[in-house]
Structures are given as structure tokens and as C-alpha cells.
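In what follows, a single structure is set out as C-alpha cells and then discussed.
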Amino acid sequence: MASEQATKQLRITWVKSAIGYSETQKRTVRALGLRRLGDVVVKDDSPALRGMVASVSHLIRVEEVS
């Protein structure tokens, strides 16, 4: 399928500690696949992922990968 070949990916980098933030935000960072500060993961772009990114945008840096 053409849409699967053209899917974007997002590079997510954990840049700020989650200490002092709510437990749900800590769980969201963990669910993104980030284990420790400075970790980088590459995920396929989707509405669910965008929602997770939006909820912890103050803790992470996001870049589109071609």
C-alpha cells in the first residue's frame, strides 16, 4: 500500500526530567519507550502517538524523520 510506504516517523528525545510531574506523565514517557534522560526512540507517526507527545511536550523534543 502506498500509504504505508509514505508513513512519517518521529524521533523523540527525552530532554527534561519527569521528577515533580504527575504519575500519568511519567507513565506516558515510559510508554513512549524512553527509559532514561537522553534516550532517543524512533516511532511511526499516528494520532495516538501525537496525543502522547502532546501530553508530555514539555519533557521531550520531537523531530520528523524522512
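The values are calculated or read from the model by the stated rules, or taken from the named source; none is laboratory data. Computed from a predicted structure; not experimentally measured. Because the Cβ atoms are built from the backbone with ideal geometry, glycine has one as well, and the counts that use them run over all protein chains shown.
Quick notes
- Residue in segment 1-32 that is surrounded by the fewest Cβ atoms within 10 Å (Cβ to Cβ), counting only those that are among the small types (Gly, Ala, Ser), part of a loop (DSSP other than H, G, I, E, B) and modelled with pLDDT of 95 or more: 20
- For segment 28-66, a residue qualifies if it is charged (D, E, K, R) and closer than 22 Å to residue 17 by Cβ, and the qualifying residues are 30, 35, 36, 39, 43, 61, 63.
- Subset tally (residues that are more than 10 Å from residue 40 (Cα to Cα) and touching a Lys or Arg at 6+ places or on another chain (Cβ under 8 Å)) for segment 11-28: 1
- Pairs with Cβ under 9 Å, 6+ apart, first in segment 29-44 and under 19 Å from residue 8 (Cα atoms), second acidic (Asp, Glu) and modelled with pLDDT of 95 or more: 33/39
- Of all residues in segment 33-56 being over 10 Å from the mean Cα position of the chain (by Cα) and assigned to a helix (DSSP H, G or I), the one that is nearest to residue 7 (Cα to Cα): 47
- Subset of segment 33-66 [of a type in the set (S, T, N, Q) and surrounded by 11 or more Cβ atoms within 10 Å (Cβ to Cβ)]: 46, 55
- Among the residues making up segment 45-63, those that are closer than 15 Å to residue 15 by Cα and among the hydroxyl-bearing types (Ser, Thr, Tyr) are 55, 57.
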